[in-house]
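None of the figures in this text is laboratory data; all of them are computed from the coordinates on show. Because the structure is predicted, anything quoted here is derived from the model rather than measured. Positions of Cβ are backbone-derived with ideal geometry, glycine not excepted, and every protein chain shown enters the neighbour counts.
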Amino acid sequence: MSSGFFERVYRLVSQVPAGRVTSYGAIAREAGGGAAAARSVGWALRALPIDRAERVPWWRVVSAKGEIRFAPNSPEAEAQRARLEAEGIRFETTGRIDLARFGWP
DNA sequence: GCGTTGACTATTG
DNA sequence: TCAATAGCCAACG
């Protein structure tokens, strides 16, 4: 609406099925901004309103390495990990996700 | 319209 | 494999 890029990002994230995760670069590329627009995707999700956050699975969006890009002691990171585990996603001992199994093609 | 910021990615050492 | 640096894009002030 206001910004096609933002709405497009929200739409793509909403299309991610439960039990799957995607990376910022993948969404950025699908949004039409290119892999370099990954930072803009983070900006869009950071500006994600609360009412939008409930219908947009932002927690299924992780870094290209399958790890959460929040602070390890951040409440958002804890909530994200909890939601991902609730959807059946397992974390490695290093705290990373196996994109080969949970990655969204 | 310019400069800064950011939930990133890819490349190099 | 890990750490540090550069680059790109979009929104905000």
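Count of segment A:61-90 residues, restricted to those that are over 21 Å from A:Q15 (Cβ atoms), surrounded by 15 or more Cβ atoms within 10 Å (Cβ to Cβ) and touching a helix residue (DSSP H, G or I) at 6+ places or on another chain (Cβ under 7 Å), is 1. The helices (runs of 4 or more DSSP H) located wholly in segment A:1-90 that include 2 or more residues which are more than 13 Å from DNA strand B (Cβ to nearest atom) and within 24 Å of A:R101 (Cβ to Cβ) occupy A:4-14, A:75-86.
Scan segment A:53-74 and report the pairs whose first residue is more than 21 Å from A:E7 (Cβ to Cβ) and without any contact (Cβ under 8 Å) to a residue 40 or more places away in the chain and whose second residue is among the basic types (K, R) and assigned to a loop (DSSP other than H, G, I, E, B), with Cβ atoms within less than 8 Å and a gap of 6+ or a chain change. Note: pairs meeting the criteria are A:K65/A:R96; A:E67/A:R96. What are the residues in segment A:26-44 that are surrounded by fewer than 19 Cβ atoms within 10 Å (Cβ to Cβ) and within 10 Å of the chain's Cα centre (by Cα), if any? Residue satisfying the conditions is A:G42 alone.
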